[in-house]
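Let me begin by presenting the structure, written as structure tokens, before commenting on it.
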Amino acid sequence: MNIHVGLNVTNLGRSIEFYSKLFGAQPVKVKENYAKYLISDLSLNFTLNVQTAVEGNQINHFGIQVDRPEDIERHRVRMTAQGNETREEINTVCCYARQDKFWISDPDGNEWEFFYTWEDTELENNSNTCCS
């Protein structure tokens, strides 16, 4: 099984550039108003669908949960080297778990987090920015 996410974007070229860097892969299909990625590591079928306008972050956020804590820094360095600004949260409590993470935004403002979960907690969060 694969998870499918269809994302509305305003500029296909900029979005392909961003998501190719994010996933470390090129789309398997590109049309004038559409691009499709099949990311086997994530069991993800991800499509970009061109719209005239996209207002704000219509989705709360997307996330990639990594298997090892050292993967957070590896991906943060990779994304920073590719020109993305990152926002780190280390040893934060979010969504009833203690996590290390960082955030990036795509060209239309959709937020992505890379995160590693250390343990579950009884607290929902310790900040006002968690999971939003």
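Go ahead and estimate [θ] at 222 nm for the chain from helices alone: -39,500 (n - 2.57) per DSSP H run with n ≥ 4, summed, over the residue count, rounded to 500. Don't skip to the answer; put the middle values down first.
Working: 2 runs with 24 residues, N = 132.
My calculation for the chain gives -5500 deg cm²/dmol from helical runs alone.
Between Asn33 and Glu55, what is the label-point separation in nm under the 7 Å Cα-to-beta-carbon projection?
Distance between label points: 2.0 nm.
List the relative contact order of the chain as a percent without decimals, with contacts defined as Cα pairs under 8 Å and 6+ residues apart.
After rounding, I find 23 percent.
By DSSP, what percent of the beta bridges with both residues in the chain are antiparallel, rounded to the nearest 5?
Once the DSSP bridges in the chain are tallied, antiparallel ones form about 70 percent.
Could you give the radius of gyration (one decimal) and Dmax (whole number) of the Cα atoms in the range 25-123, in Å?
When restricted to the Cα atoms of the range 25-123, Rg and Dmax are 15.2, 48 Å.
Helix 70-81 against the longest principal axis of the chain: what's the angle in degrees, Cα atoms only, rounded to the nearest 10?
40
Given labels modelled 7 Å from the Cα in the Cβ direction, how far is it in nm from Leu123 to Val77?
3.0
Report the Stokes-Einstein translational diffusion coefficient (µm² s⁻¹, integer) for the range 45-89, Rh taken as the Kirkwood radius over Cα pairs, at 37 °C with viscosity 0.692 mPa s.
Estimated diffusion coefficient is 246 µm²/s.
Using θ = phi - 60° and the Karplus form 6.51 cos²θ - 1.76 cosθ + 1.60, what ³J(HN,Hα) does each residue of the range 112-117 get, whole Hz, x for Gly and Pro?
Once rounded to whole Hz, the list reads 10, 10, 9, 9, 10, 9.
Name the residue, out of Thr52, Thr80, Thr117, whose mean-square fluctuation peaks in a Gaussian network model built on the chain with Cα pairs under 10 Å.
Thr52
Bear in mind these aren't lab numbers, they're just calculated from the coordinates by the rules spelled out. Note that the structure is a prediction, hence the values are computed from the model and not measured. We place every Cβ from the backbone using ideal geometry, glycine too, and count neighbours over all the protein chains shown.
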